[in-house]
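As structure tokens, the structure follows; a few thoughts come after it.
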Amino acid sequence: MKEDKAFKKEYWPIVVLGGLIQLFALIDILKSHEFKRGNKLIWSALVFVLPPFGALSYYGFGKVRNN
């Protein structure tokens, strides 16, 4: 019997959403000049090393909100 090792179609929306969150976080990090904690290098590395948790932590702990 041959096992199907292809990526299941049900997971693609989750993968795409995670990739978009990372992409938007990296663009936002590169555009930003001030952060609540850390700097561009730390946040960029965190987004690359811990996808998508690095991006979510950036939005939660690093991004300065302009209200």
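What the table below lists for this structure:
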read-out	value
Relative contact order (%) - criterion: Cα under 8 Å, at least six apart; region: the chain	34
Built amide H within the under 5 Å cut-off of Lys63, gap 5+	Lys36
Net +/- balance of residues flanking Phe61 in space, Cβ distance below 10 Å, scoring K and R +1, D and E -1	+3
Percent carbon-and-sulfur accessible area, the chain, ignoring ligands, DNA and RNA, probe 1.4 Å	67
Helix-derived mean residue ellipticity, 222 nm - over the chain, DSSP H n ≥ 4, -39500 (n - 2.57), to 500	-16000 deg cm²/dmol
Accessible area expressed per residue, the chain, with surrounding protein chains retained (probe 1.4 Å, Å²)	85
Around Ile29: net Lys/Arg minus Asp/Glu count, Cβ-Cβ under 9 Å	+2
Per-selection metrics, the chain (Cα): Rg and Dmax in Å	15.5, 59
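The values are calculated or read from the model by the stated rules, or taken from the named source; none is laboratory data. Note that this is a predicted model, so its numbers are computed, not measured. Note: ideal-geometry Cβ built from the backbone for every residue, glycine included; neighbour counts use all protein chains shown. Just the protein is used for accessible areas: all its heavy atoms, side chains included, with ligands, DNA and RNA removed. Shrake-Rupley method; radii C 1.70, N 1.55, O 1.52, S 1.80 Å.
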